[in-house]
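The values are calculated or read from the model by the stated rules, or taken from the named source; none is laboratory data. In this text, all values refer to a predicted model and were calculated from it rather than measured experimentally. Every residue, glycine among them, receives a Cβ derived from its backbone with ideal geometry; neighbour counts consider all protein chains shown. Side chains included, ligands, DNA and RNA excluded: accessible areas come from the protein's heavy atoms. Shrake-Rupley method; radii C 1.70, N 1.55, O 1.52, S 1.80 Å.
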Amino acid sequence: MQPIIAAETVVAIAGLTKTYANGHQALKAVDLEIRRGEIFALLGPNGAGKTTLISIVCGIVTASAGSVRVAGHDIGTDFRAARAAIGLVPQELHTDAFESVWATVSFSRGLFGKAPDPVHLERVLRSLSLWDKKDARIMTLSGGMKRRVLIAKALAHEPQVLFLDEPTAGVDVELRHEMWQLVRELREHGVTIILTTHYIEEAEDMADRIGVINHGELVVVEDKATLMRKLGKKQLTLHLQGPLSQLPPGLSGLPLELADEGNALIYTYDTQAEATGIAGLLRRLNEQGIDFKDLNSSESSLEEIFVSLVRGPRGRETA
Amino acid sequence: MSLNLHAVRAIYRFEMARTFRTLMQSIASPVLSTSLYFLVFGTAIGARMGAIDGVDYGAYIIPGLVMLTVLSESISNASFGIYLPKWSGTIYELLSAPVSFAEAVLGYVGAAATKSMMLGILILATARVFVPYEIAHPWWMLAFLLLTAVTFCLFGFIIGIWADSWEKLQVIPTMVVTPLTFLGGAFYSINMLPPLWQKISLFNPVVYLVSGFRWSFYGVSDVNIGLSVGMTLGFMGICLAAIGGIFRTGYKLKQ
Ligand SMILES: Nc1ncnc2c1ncn2[C@@H]1O[C@H](COP(=O)(O)OP(=O)(O)O)[C@@H](O)[C@H]1O
Ligand SMILES: [Mg+2]
């Protein structure tokens, strides 16, 4: 489902560069536009620059160059309005151990400039199954519960844009699914969600659009479906009547492989290409007198796309 | 530019809650240890000491001792208040919030100074149990207390931002501030020192604080009262300028 009617930009990042004090360049002139109301997944291996990117947008790290606007407000010159629009759930479980859940979410709301609103906070805590823990000290909670507390804190001031930095890292399956559910609900309420992850399945299941980042560079930004279509390779598997010991010379030059001890032929083609070449393949098989009893096709998963992207061209050849 | 008052209030409340949660350590223990000074120096030893400037020794040391405790507690409390979130990582929230540096200072230093005032008044009340004393200029007394609390909470805040380890958090208070306070005339009048040491003492900012504060009690002082006020305000000005510098550079808070 595509909820976007008009693709209004809610976060606009242009030429964003970050060189840390030790000389390490964590971001290299990143351009990115996030649309209002979408779930955007920033996918990349560890050290790719995901946290750096988020930290700059949220005001925790200062950029070396480039500009960021959130809901139309520059994060430097108009930082109050920009930050008030953002909620951040950090990657690490940084919590005030001695505070109660209620105190810490109330604190967050105030910090972001909002008048107290117990009704809203109750709603947030209930939606995160934290209501019966509201008076508990945070240090008595499990890791998963602390993660929820961080989400509650980020939602306390009703942000338009929510950043989730690796929200499900080290979280059990049950909580992960609850979180995904919550993210979808938030989106239904008009909240734009940007999450980083190195779990492909997370991006695949959740996102409307995906950006792949590696070594501080955005390799690609696409609608998930387009990305799959564009970069996905399809494989056609033909289950043969009888085994082949080797590929007949008449089939040479085609992207074919023998599999299953000669009982299957695998034809790999690019969904991006003008023509799949399947018709030609079938004709040539017929000419060679090769019969098959069954055929099926499979699409490469985002994971394979991702691996081929971050490995670069060389990786793609050998993959 | 409008002030994010909700944020100032949130920080202030958060810090005050921390104070009350650690009441034993943050209030009771300084009050107890200062009371021991009154007991030992004021009543036991003080009985064998002569009066200074016409004031009984037991009463004479009260303003200095209060100043000493307020000063060191202001530094340690304010530095701890901002160092703790840095250390635990929860500072991310303050840095990502629509809060200006001035508002953060207002919240943190305001709370720390409130606590210092409470502490100072509590110690004065406790001292009354052991030693009878009068306050000649109560408003001046409160003004000095407030000025000292705010100034040294600012100073502590700066230390807390500067420190990146627990050792660094302690080093200035123990290596610089404690010696200065002990040599700052809390237990004696600097007029009792040899002339050279009197001159050297005038470089110690604590001398001006203690002297001014004592004047508000007994009307006697080592240095001119105007000078005392001026020096305190001057030190506060330096701290505010340093805070402004930190604000402009984002020193050690952001990468
Ligand atoms: N404070 C820092 N100083 C120097 N290098 C840093 C700092 N923070 C992160 N880096 C480096 O920047 C790169 C990107 O880090 P990060 O944004 O945390 O990546 P990700 O979140 O994608 O795992 C990494 O190589 C990391 O080591
Ligand atoms: Mg990260």
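Would you mind giving the mean number of other chain beta-carbons within 10 Å of the Cβ of each residue in B:100-106, as a whole number? Numbers along the way, then the final one.
Values: counts 2, 0, 0, 2, 1, 0, 0.
If you average over the peptide's residues, the count of other-chain Cβ atoms is 1.
Roughly how many Å² is the accessible area per residue of the protein assembly as shown, as a whole number, for a 1.4 Å probe? Write out the running numbers ahead of the final one.
On the way: 26310 Å² over 574 residues.
Accessible area per residue: 46 Å².
Just the number: Rg to Rh for chain A, Cα atoms, Kirkwood Rh, two decimals. Please report the intermediate quantities before stating the final value.
Details: Rg = 24.3 Å, Rh = 22.2 Å.
Value, to two decimals: 1.10.
Residue farthest toward the positive end of the dipole of chain B, with Cβ of Lys/Arg at +1 and Asp/Glu at -1: which of B:Phe157, B:Ser35, B:Ile246?
B:Ile246
I want the local charge near A:Asp132. Using Cβ-Cβ distances under 15 Å, sum +1 for each Lys or Arg and -1 for each Asp or Glu among the other residues. Intermediate results must be reported in sequence, preceding the final value.
Working: positive: A:Arg123, A:Arg126, A:Lys133, A:Lys134, A:Arg137, A:Arg148; negative: A:Glu122, A:Asp135.
Value of the local net charge: +4.
When the accessible area of chain A is split by element with a 1.4 Å probe, what percent falls to carbon and sulfur?
Details: 7380 of 14940 Å².
Within chain A, the accessible surface is 49 percent carbon and sulfur.
Using modelled amide H (1.01 Å from N, peptide plane; none on Pro or chain starts), what sits under 5 Å from the amide H of A:Val10, excluding residues fewer than 5 places away?
For A:Val10, whose amide H was placed from the backbone, the distant partners under 5 Å are A:Ile34, A:Arg35, A:Arg36.
List the pairs from A:Lys18/A:Lys224; A:Lys153/B:Lys86; A:Lys50/A:Lys153; A:Lys50/B:Lys86 whose alpha-carbon separation is above 25 Å, in the order I gave them. Kindly include the intermediate steps, with their values, before the conclusion.
On the way: A:Lys18/A:Lys224 27 Å; A:Lys153/B:Lys86 18 Å; A:Lys50/A:Lys153 21 Å; A:Lys50/B:Lys86 22 Å.
Those over the limit are A:Lys18/A:Lys224.
Over the protein assembly as shown, consider all pairs of different Cα atoms and compute the Kirkwood hydrodynamic radius from their mean reciprocal separation; express it in Å, one decimal. The partial results should precede the final answer.
Details: mean 1/r = 0.0354 Å⁻¹.
Taking every pair of different Cα atoms in the protein assembly as shown, averaging 1/r and inverting gives 28.2 Å.
Please pull out the direction-averaged projected area of segment B:145-255, using the convex hull of its alpha-carbon atoms, in nm² to one decimal place.
Working: hull surface 31.2 nm².
Mean projected area of the Cα convex hull: 7.8 nm².
Based on Cβ point charges of +1 for Lys and Arg and -1 for Asp and Glu, what charge dipole magnitude is obtained for segment B:5-249 about its Cα centre, in debye rounded to the nearest 20? Don't jump to the answer; show the numbers that get you there.
On the way: 12 positive and 10 negative charges, 49 e Å.
The calculated dipole for segment B:5-249 is roughly 240 debye.
FRET efficiency for A:Ser245 and A:Ala275, Cβ-Cβ distance as r, R0 = 30 Å, nearest 0.05?
Details: r = 30 Å, r/R0 = 1.01.
The pair A:Ser245/A:Ala275 has a calculated efficiency of 0.50.
For segment A:36-111, count all C-alpha to C-alpha pairs, find those more than 18 Å apart, and express that count as a whole percent of the total.
Details: 1522 of 2850 pairs.
Percentage above 18 Å: 53.
Work out the mean other chain Cβ neighbour count within 10 Å for the residues of A:87-100 and drop it here as an integer.
Working: counts 1, 5, 0, 5, 1, 2, 1, 7, 4, 7, 2, 4, 5, 1.
The mean count of partner-chain Cβ atoms within 10 Å per residue comes to 3.
Would you be so kind as to identify which of B:Ser96, B:Gly50, B:Ile75 lies farthest towards the positive end of the dipole of segment B:5-249, taking Lys and Arg as +1 and Asp and Glu as -1 on Cβ and the Cα centre as origin?
Sorting the options by dipole projection puts first B:Ser96.
What FRET efficiency comes out for the pair B:Leu142/B:Arg248, r = Cβ-Cβ distance, R0 = 41 Å, nearest 0.05? Please list the in-between numbers first.
Values: r = 33 Å, r/R0 = 0.81.
The formula returns an efficiency of 0.75 here.
With the Cα gyration tensor of chain B in hand, convert its eigenvalues to equivalent ellipsoid semi-axes via √(5λ) and list them largest first in whole Å. Mind showing how you got there, number by number?
Values: eigenvalues 228, 73, 52 Å².
Computed over chain B, the values are 34, 19, 16 Å.
As an exercise, use a Förster radius of 60 Å and the Cβ-Cβ distance of B:Leu202 and A:Phe292 to find the FRET efficiency, rounded to the nearest 0.05. Please report the intermediate quantities before stating the final value.
Values: r = 102 Å, r/R0 = 1.70.
Computed FRET efficiency for B:Leu202 and A:Phe292: 0.05.
Starting from the 7 Å offset along Cα-to-Cβ, what nm value, one decimal, do you get for the label separation of A:Asn46 and A:Ser129?
In this crude spin-label approximation the distance works out to 2.8 nm.
State the answer as a single residue: which of B:Asn191, B:Gly219, B:Leu23 lies farthest towards the positive end of the charge dipole of chain B, with beta carbon charges of +1 for Lys and Arg and -1 for Asp and Glu, about the Cα centre.
It is B:Leu23, whose Cα lies furthest towards the positive end.
Give the value in nm², to one decimal: projected area of the alpha carbon convex hull of segment A:162-241, averaged over all directions. Could you put the intermediate results ahead of the total?
Working: hull surface 32.1 nm².
Mean projected area of the Cα convex hull: 8.0 nm².
What are the ³J(HN,Hα) couplings of segment A:285-294, residue after residue, when phi is run through the Karplus curve with 6.51, -1.76, 1.60 and θ = phi - 60°? Round to Hz, x for glycine and proline.
Listing the rounded values in order: 4, 4, 4, 7, x, 9, 9, 10, 9, 7 Hz.
Put a dot 7 Å past each Cα toward the Cβ at A:Lys234 and A:Gln181; how far apart are the dots in nm?
It is 3.6 nm.
Determine the share of chain B's accessible area contributed by carbon and sulfur atoms, expressed in whole percent, with a 1.4 angstrom probe. Before the final figure, lay out the partial values.
Values: 8100 of 11370 Å².
On chain B, the fraction of accessible area on carbon and sulfur atoms equals 71 percent.
What number, rounded to the nearest 500 deg cm²/dmol, is the helix-based mean residue ellipticity at 222 nm of chain A, given -39500 (n - 2.57) per DSSP H run of at least four residues and division by all its residues?
Computed mean residue ellipticity for chain A: -10000 deg cm²/dmol.
Name the long-range amide H neighbours of A:Leu240: under 5 Å, sequence gap of 5 or more, or other chain; modelled H, no Pro or chain starts.
Sorted by chain and number, the residues that satisfy this are A:Ala264, A:Leu265, A:Lys293.
Please compute the average number of Cβ atoms from other chains found within 10 Å of each residue's Cβ in peptide A:102-114.
Neighbouring Cβ atoms belonging to other protein chains average 6 per residue here.
Using a 1.4 Å probe on protein heavy atoms, which residues of segment B:1-24 have at least 40 Å² less accessible area in the complex than alone?
Buried by the other chains: B:His6, B:Ala10, B:Phe14, B:Arg21.
Determine the residues within segment B:67-96 where the difference in accessible area between the chain on its own and the full set of protein chains amounts to at least 10 Å²; count protein heavy atoms only and use a 1.4 Å probe.
B:Ser88, B:Gly89, B:Thr90, B:Tyr92, B:Glu93, B:Leu94, B:Leu95, B:Ser96
Quote the total accessible area buried by chains B and A together, excluding ligands, DNA and RNA, probe 1.4 Å, nearest 100 Å². Walk me through the numbers before you get to the answer.
Details: alone 12630 and 16150 Å², together 26310 Å².
About 2500 Å² of accessible surface is lost on pairing.
Using a simple charge model, +1 on the beta-carbon of Lys and Arg, -1 on the beta-carbon of Asp and Glu, nothing else, what dipole does chain A show about its Cα centre, in debye to the nearest 20? List each step's numbers first, then the result.
Values: 34 positive and 41 negative charges, 172 e Å.
That gives a dipole near 820 debye.
Would you kindly derive the ³J(HN,Hα) couplings of segment A:135-142 from the backbone phi angles with the Karplus curve 6.51 cos²θ - 1.76 cosθ + 1.60 (θ = phi - 60°), listing them in order in whole Hz, with x for Gly and Pro?
Values per residue, Gly and Pro as x: 9, 6, 6, 4, 5, 7, 8, 6 Hz.
Tabulate in residue order the Karplus-calculated ³J(HN,Hα) for segment A:82-95, using 6.51 cos²θ - 1.76 cosθ + 1.60 with θ = phi - 60°, rounded to whole Hz; enter x for Gly and Pro.
Working through the residues one at a time gives 4, 6, 4, 7, 10, x, 10, 10, x, 5, 8, 7, 8, 9 Hz.
Might you report the magnitude of the Cβ-based charge dipole of the protein assembly as shown about its Cα centre, with Lys and Arg at +1 and Asp and Glu at -1, to the nearest 20 debye?
Numbers: 48 positive and 51 negative charges, 342 e Å.
That gives the protein assembly as shown a dipole magnitude of about 1640 debye.
Which order do peptides A:257-263, A:38-44, A:120-126 fall in by mean Cβ count within 10 Å, highest first?
Numbers: A:257-263: 13.4, A:38-44: 26.0, A:120-126: 17.1.
In decreasing order of mean packing, A:257-263, A:38-44, A:120-126 become A:38-44, A:120-126, A:257-263.
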